[in-house]
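The values are calculated or read from the model by the stated rules, or taken from the named source; none is laboratory data. This is a predicted model, so every value here is computed, not measured. Reconstructed Cβ throughout: ideal geometry from the backbone, glycine too, with neighbour counts over all protein chains shown.
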Amino acid sequence: MDELTYLTLAAYAGITLFSGLVHGTLGLGFPLVATPLLALFTDVRSAILITLLPTVSVNVLSILHGGRWSESIGRFWPLAAYAVAGGVAGTYLLVISDPAPFKLLLAALVFLYLFSSRAGMFRTQWIGTHLASSMLVFGLIAGLAAGSTNVMVPILIIFSLELGLRRTAMVQVFNLCFLSGKLTQISVFAATGLLTGHLLLTTAPLAVVAIAALLAGMKLRDRIPTHTYKTIVRRVLLLLAFLLVGQYLLEG
């Protein structure tokens with residue numbers, strides 16, 4: 001962060017703004033959009049560190065928005081708890097490993113998200129009939145993915161589609177899992193010396209940008225068809241996934 005140019009900082013702010021708008025409009029997507037975009041400028045580990053504070057900010061506001069928490073958080077909190085356990089393993093894997101291959105893994109997760117977002121492509125009765133067991137499995141996998149690549153939404157998308165969660169409950173459950181995973185990352189990064197006060201201070205303006213964009217996106221949510229935004233995001237993510245794969249191959 002000390003060696004960034006003003007142009008790069010402006011690019012980071014633009015990425016944060018766009019990601020916040022997407023998250024506010026769809027209820028999810030900030031790390032999914034921001035991480036691969038930032039990874040085009042730096043490595044995945046650095047992208048995750050840069051988005052720590054902005055992501056926590058948008059997660060907290062998204063959880064508080066909408067009310068009726070007993071239907072979501074009260075029922076699905078074990079999913080977030082299991083995600084914490086998976087997040088610890090995933091974050092330590094990221095800390096001790098070369099971050100370059102995680103660009104390829106991140107691209108794979110984006111492809112998985114685009115594939116799984118098509119309703120009806122995954123039909124697993126076990127998820128609904130064995131809710132406790134499915135929360136354990138999906139929570140651990142989602143946490144592992146979030147800890148290593150900053151993206152858990154593809155796993156959660158599959159889980160939510162099978163249960164048929166309503167939009168508000170889905171958004172709150174997702175963001176509760178995101179927040180749990182992010183707090184786990186913060187703890188691990190702090191323990192390993194990667195998270196510093198200077199980093200938090202430097203990325204605080206990005207958190208302000210993310211919050212402003214999130215609030216604007218929430219206002220747009222009822223005005224712009226969600227399907228339109230989803231179509232745009234899918235196309236952008238598809239392009240980013242190919243770019244990440246190409247960048248990984250060139251670096252290798």
Query raised in the report: Which of (1) surrounded by fewer than 20 Cβ atoms within 10 Å (Cβ to Cβ); (2) in contact with a helix residue (DSSP H, G or I) (Cβ under 9 Å, 6 or more places away or on another chain) is the odd one out, the single condition Thr228 does not satisfy?
Result: (2)
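Quick check on the stretch 120-145: of everything there that is polar (S, T, N, Q) and at pLDDT below 85, which residue is surrounded by the most Cβ atoms within 10 Å (Cβ to Cβ)? First the steps, then the outcome.
Pass one, the stretch 120-145, residues polar (S, T, N, Q): 124-125, 129, 133-134.
Imposing the further condition that a residue be at pLDDT below 85 reduces the set to 124-125, 129.
On the way: Thr124: 13, Gln125: 8, Thr129: 9.
Applying the filter and picking the extreme gives Thr124.
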Requested in this report: Please work out if Thr91 is at pLDDT below 80 and hydroxyl-bearing (Ser, Thr, Tyr).
Outcome: no
Report summary line: Expected output for the stretch 124-136 (first residue farther than 15 Å from Leu165 by Cα, partner modelled with pLDDT of 90 or more, Cβ below 7 Å, 6+ apart or cross-chain) is Trp126/Ser134; Leu136/Tyr82
Query raised in the report: Does at least one position in the stretch 21-28 carry a residue that is of a type outside the set (Asp, Glu), part of a helix (DSSP H, G or I), more than 19 Å from Val153 (Cα to Cα) and in contact (Cβ under 8 Å) with a residue 12 or more places away in the chain?
Result: no
Requested in this report: Could you list all residues from the stretch 159-180 that are part of a helix (DSSP H, G or I), buried (at least 19 other Cβ atoms within 10 Å of the Cβ) and modelled with pLDDT under 80?
Outcome: Leu161
Query raised in the report: Could you count how many residues in the stretch 196-223 are crowded, with 18+ Cβ neighbours inside 10 Å, within 15 Å of Ile48 (Cα to Cα) and not small (Gly, Ala, Ser)?
Result: 2
Query raised in the report: Can you pull out the residues in the stretch 5-61 that are surrounded by fewer than 24 Cβ atoms within 10 Å (Cβ to Cβ), over 22 Å from Gly197 (Cβ atoms) and polar (S, T, N, Q)?
Result: Thr5
Report summary line: Taking the stretch 195-240 and the residues there that are assigned to a helix (DSSP H, G or I) and charged (D, E, K, R), the one that is farthest from the chain's Cα centre (by Cα) would be Lys219
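Results for (1) out of contact with any Pro (no Cβ under 6 Å at 6 or more places or on another chain); (2) basic (Lys, Arg), shown as yes or no for each residue.
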position	(1), (2)
Asp43	no, no
Arg68	yes, yes
Phe102	yes, no
Ala108	yes, no
